[in-house]
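A quick write-up on the structure given underneath.
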Amino acid sequence: MTRVVIVDDHPVFRRGLKALLDGEDGLSVVGEAADGLTAVSVVLDLEPDVVVMDLHMPGLGGVEAAKRILETLPSLGVLVLTMHEDDELVFAAMKAGARGYLVKTTDDDEIVRAVQAIGAGEAIFSATIAQRMMGYFTAISSSKAVLFPQLTDRERDVLELMASGLDNPSIAHQLSLSGKTVRNRVSAIFTKLQVADRAQAIVRARQAGLGSPSQDGTTVT
C-alpha cells in the first residue's frame, strides 16, 4: 500500500484528490495539510511514501516545505501538483528534491499513474514540463560547451546536475539514462577533470558557474 499525504490550501481540491486516490487499489491517503508548516509536521509524523504538494500556500510555500521534509526523509517521494509551470518554480522544485511535477489540469488517470510511479521510486513530469526542461538544457548547452571542453555534451549535462546536488539515481531519471550509464559518465568526468571524487568535481563545476550549492552549505558526496 502506497501511503499518501495531500498538501493544498484549497479544501475542495483536497477532497476531490483524496476521493480519486482512495478509489485506487494500492493507494491510501493517510493525511492532509493546508499549508507548508503543517505539511512538514504532518509528514514527519506520518512518514508516508508520497506527498502530493501544491507550491503557493499561506505561510511556508511548497518548495521550502519539500526541502525541509526531504532533509529528514530523503527517500520520500514528492510530487508537485500545482497551477503554476514557470521555469523558476519548476527548477526550484527539482532542486528541493521533488521527483515529479504536474499541473492541475492533468487528467485524473495521469495523476494516479504519477502517484503510483513516485511511490515506486520513479520520477515523472508532465509533457509540457518535460518540454520546458528540454528547452532549458538546450538553451544553456552552448554556454556550457565553453566550459570543460574535454567533456562530451552528455558528460556536461551530468556534471551540471551533480553540481545542482542530484545523486546518480536522480540524474538517471532526469536524463532518461540507466544507472550504469550515469556511473560510467561520472567516472569519465573524474578522469577528464583529474579529480579524485565527486566532491572535488562539484567544487570545480560550481567554481565554473554550473549548478548551485545547497542552501545549508553542505557538500554533496
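Under 7 Å by Cβ, and 6 or more places apart or on different chains, what pairs join a residue from segment 22-45 that is in the same structural domain as residue 67 (by TED's automatic domain parsing) and among the charged types (D, E, K, R) with one that is buried (at least 16 other Cβ atoms within 10 Å of the Cβ) and in a strand (DSSP E or B)?
22/29; 32/5; 32/6
It is to be established whether one or more residues within segment 31-50 are polar (S, T, N, Q), at pLDDT 95 or above and in contact with a Ser or Thr (Cβ under 8 Å, 6 or more places away or on another chain). Give the steps one after another, and end with the answer.
At the first step, the residues of segment 31-50 found to be polar (S, T, N, Q) are 38, 41.
Subsequent filtering for residues that are at pLDDT 95 or above retains 38, 41.
Of the ones still in play, those that are also in contact with a Ser or Thr (Cβ under 8 Å, 6 or more places away or on another chain) are none.
Checking segment 31-50: not a single residue is polar (S, T, N, Q), at pLDDT 95 or above and in contact with a Ser or Thr (Cβ under 8 Å, 6 or more places away or on another chain).
Taking segment 30-46, which residues are buried (at least 16 other Cβ atoms within 10 Å of the Cβ), closer than 17 Å to residue 71 by Cβ and of a type in the set (Gly, Ala, Ser)?
Answer for segment 30-46, where residues must be buried (at least 16 other Cβ atoms within 10 Å of the Cβ), closer than 17 Å to residue 71 by Cβ and of a type in the set (Gly, Ala, Ser): 36, 39.
Please enumerate the residues belonging to segment 167-198 that are in a helix (DSSP H, G or I), small (Gly, Ala, Ser), under 20 Å from the mean Cα position of the chain (by Cα) and surrounded by fewer than 18 Cβ atoms within 10 Å (Cβ to Cβ).
Narrowing segment 167-198 to residues in a helix (DSSP H, G or I): 168-175, 179-193, 198.
Applying the additional criterion that residues be small (Gly, Ala, Ser) yields 170, 172, 179, 187-188.
Checking which are under 20 Å from the mean Cα position of the chain (by Cα) leaves us with 170, 172, 179.
Hit for segment 167-198 is 179, nothing else.
Cβ-Cβ under 8 Å, sequence separation 6+ or interchain: first residue in segment 57-81 and within 13 Å of residue 95 (Cα to Cα) and not assigned by TED's automatic domain parsing to the domain that holds residue 33, partner modelled with pLDDT of 95 or more and not basic (Lys, Arg). Which pairs?
From residues that are within 13 Å of residue 95 (Cα to Cα) and not assigned by TED's automatic domain parsing to the domain that holds residue 33, there are no pairs.
Quick one: what pairs do we get from segment 184-205, first residue under 9 Å from residue 163 (Cα atoms) and in the same structural domain as residue 152 (by TED's automatic domain parsing), second at pLDDT 95 or above and not in a helix (DSSP H, G or I), C-beta under 6 Å, 6+ apart or different chains?
Short answer, once both residue conditions are applied: none.
Of everything in segment 3-29, what is surrounded by fewer than 18 Cβ atoms within 10 Å (Cβ to Cβ) and among the β-branched types (Val, Ile, Thr)? Give them in sequence order.
Of everything in segment 3-29, just one residue is surrounded by fewer than 18 Cβ atoms within 10 Å (Cβ to Cβ) and among the β-branched types (Val, Ile, Thr), namely 12.
Look at segment 18-51 and say how many of its residues are closer than 14 Å to residue 116 by Cβ and over 20 Å from the mean Cα position of the chain (by Cα).
Residues in segment 18-51 being closer than 14 Å to residue 116 by Cβ and over 20 Å from the mean Cα position of the chain (by Cα): 10 in total.
So which of 12, 78, 4, 43 is farther than 19 Å from residue 107 by Cα and among the aliphatic types (A, V, I, L, M)? Talk me through it step by step, then tell me what you get.
Working: 12 fails: farther than 19 Å from residue 107 by Cα; 78 fails: farther than 19 Å from residue 107 by Cα; 4 fails: farther than 19 Å from residue 107 by Cα.
Within the list 12, 78, 4, 43, the selection yields 43.
Out of (1) modelled with pLDDT under 90; (2) in a helix (DSSP H, G or I), the odd one out for residue 157 is which?
Residue 157 satisfies every listed condition except (1).
Are there any pairs, at least 6 apart or on different chains, whose C-beta atoms fall under 9 Å, with the first in segment 82-102 and in the same structural domain as residue 9 (by TED's automatic domain parsing) and crowded, with 19+ Cβ neighbours inside 10 Å and the second outside any helix (DSSP H, G or I) and of a type in the set (Asp, Glu), and if so, which?
From segment 82-102, the pairs are 82/8; 82/54; 99/122; 100/122; 101/85.
Give the residues of segment 122-152 that are among the charged types (D, E, K, R) and modelled with pLDDT of 85 or more, sorted by residue number. Break it down stepwise before answering.
First pass over segment 122-152, keeping only residues among the charged types (D, E, K, R): 122, 132, 144.
Within segment 122-152, 122 is the sole residue that qualifies.
The values are calculated or read from the model by the stated rules, or taken from the named source; none is laboratory data. Please read these numbers as outputs of a predicted model, since none were measured by experiment. Cβ sites come from the backbone with ideal geometry, for glycine too, and all protein chains shown count toward neighbours.
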